[in-house]
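Only one structure is covered here, and it is reproduced in the block below.
The values are calculated or read from the model by the stated rules, or taken from the named source; none is laboratory data. Here the structure is a predicted model, which means the values were calculated and not measured. Cβ: placed from backbone, ideal geometry, glycine included. Neighbour counts: every protein chain shown. Heads up: the accessible areas ignore ligands, DNA and RNA and are worked out on the full protein's heavy atoms, side chains in. Shrake-Rupley method; radii C 1.70, N 1.55, O 1.52, S 1.80 Å.
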Amino acid sequence: MQVLPMDLPAELHRRGSDVPGGDVIVATGPLAMMARGLLALAPEDRDAFWIHSEAGDLDAAEAEEQVAGWSQFPH
């Protein structure tokens, strides 16, 4: 796993049939904030969300890996 920069600009998205176009941007900000926001959701709700950044998309499990990586390496 490559640990991405904590300050990488990112967007938290939600998918759903009740959303125009199938997904909506819920929040924008640094990757660290978007990852913490995603992980603050109830585990059963996380499948409807993902994080998008220039480095690619992250699901909840990948966001959790990033958070763990940030706590192991100097930033």
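Details
- Computed from Cα atoms, the angle from the helix 31-40 axis to the main principal axis of the chain rounds to 60 degrees.
- Those chymotrypsin sites (Phe, Trp or Tyr not before Pro) in the chain that DSSP places in a loop and that have at most 11 other beta carbons within 10 Å: none
- Nearest-0.05 FRET efficiency for residue 15 and residue 42, computed from C-beta distance (R0 25 Å): 0.95
- Computed on protein heavy atoms with a 1.4 Å probe, the accessible areas place 46, 36, 14 in the order 36, 14, 46, largest first.
- When +1 charges are put on Lys and Arg Cβ atoms and -1 charges on Asp and Glu Cβ atoms, the dipole computed for the chain relative to its Cα centre reaches about 180 debye.
- Working from Cα pairs under 8 Å separated by at least six residues, relative contact order for the chain is 33 percent.
- When only Cα pairs below 8 angstrom with a gap of at least 6 residues are kept, region 30-73 shows a relative contact order of 38 percent.
- Region 23-75 - accessible surface per residue (Å², probe 1.4 Å): 61 Å²
- Degrees, to the nearest 10: 60-72 long Cα axis against longest axis of the chain: 20 degrees
- Compactness of the chain, taken as the C-alpha radius of gyration over 2.2 N^0.38 Å, stands at 1.07.
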